[in-house]
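Here the structure comes first, spelled out in structure tokens, and everything after it is commentary.
Bear in mind these aren't lab numbers, they're just calculated from the coordinates by the rules spelled out. Just so it is clear, the model here is predicted, and its values are computed rather than measured. Positions of Cβ are backbone-derived with ideal geometry, glycine not excepted, and every protein chain shown enters the neighbour counts.
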Amino acid sequence: KKKVGSLPVYLNVYDLTPINGYAYWFGLGIYHSGVQVHGVEYGFGAHEHSTTGIFEVEPKQCPGFTFRKSILIGRTDLGPKDVRAFMEKLAKEYSGNSYHLITKNCNHFCNDVCIQLVGKPIPRWVNRLARLGKKTNRPSLACGIILLPFKILVHR
């Protein structure tokens, strides 16, 4: 069910690797994403504690990633306090130690947030490699070769 509001909700997409410059044109790539609403970008990341993995950053400025593009997903009428309350509710579901590269990553978080805020999912290409890894049951096939130069913390 699509929701219509007056305040824009953006998906900010970042490259995790320089290879995305080439892979993007083939519908592939490894991406980080965050949801921007009310001038705040919300993201989800891994750590070893049971506290929330949801964090806030300046829009389009997520440390450690290269900003690629911003996509208008839809609009909401939720005010800043309501959005914060919604994120606090999600915090229980998105603890840092629940992060998994293939089954519960930043893009899954953004998809859930966008569906709740505007009734629309994020574009499928943003999380395509995670879906490929899940379907093949071989995460290394989807991500491992491209991620070799990078250290990424993954919790199972």
All-pairs Cα distance distribution in the stretch 7-148, expressed in whole percent, bin size 10 Å: 12, 43, 36, 9, 0
Cα-based reach from residue 104 at 12 Å (exclusive), listing aspartates and glutamates while leaving out same-chain residues under 8 positions away: 93, 112
Net charge, residue 91 excluded, C-beta distance under 13 Å - Lys, Arg +1, Asp, Glu -1: -1
10 Å beta-carbon shell around residue 41, net charge (K/R +1, D/E -1): -1
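Rounded if a/c is under 1.5, else prolate if a/b is larger than b/c, else oblate: which is the stretch 1-41, with a ≥ b ≥ c the root eigenvalues of its Cα gyration tensor?
Taking the square roots of the gyration eigenvalues as a ≥ b ≥ c, the stretch 1-41 is prolate.
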Theoretical gain in end-to-end length, residue 55 to residue 88 [0.36 nm per residue, Cα-Cα removed]: 10.8 nm
Normalised contact order of the stretch 7-148, rounded percent, pairs of Cα under 8 Å and 6 or more residues apart: 30 percent
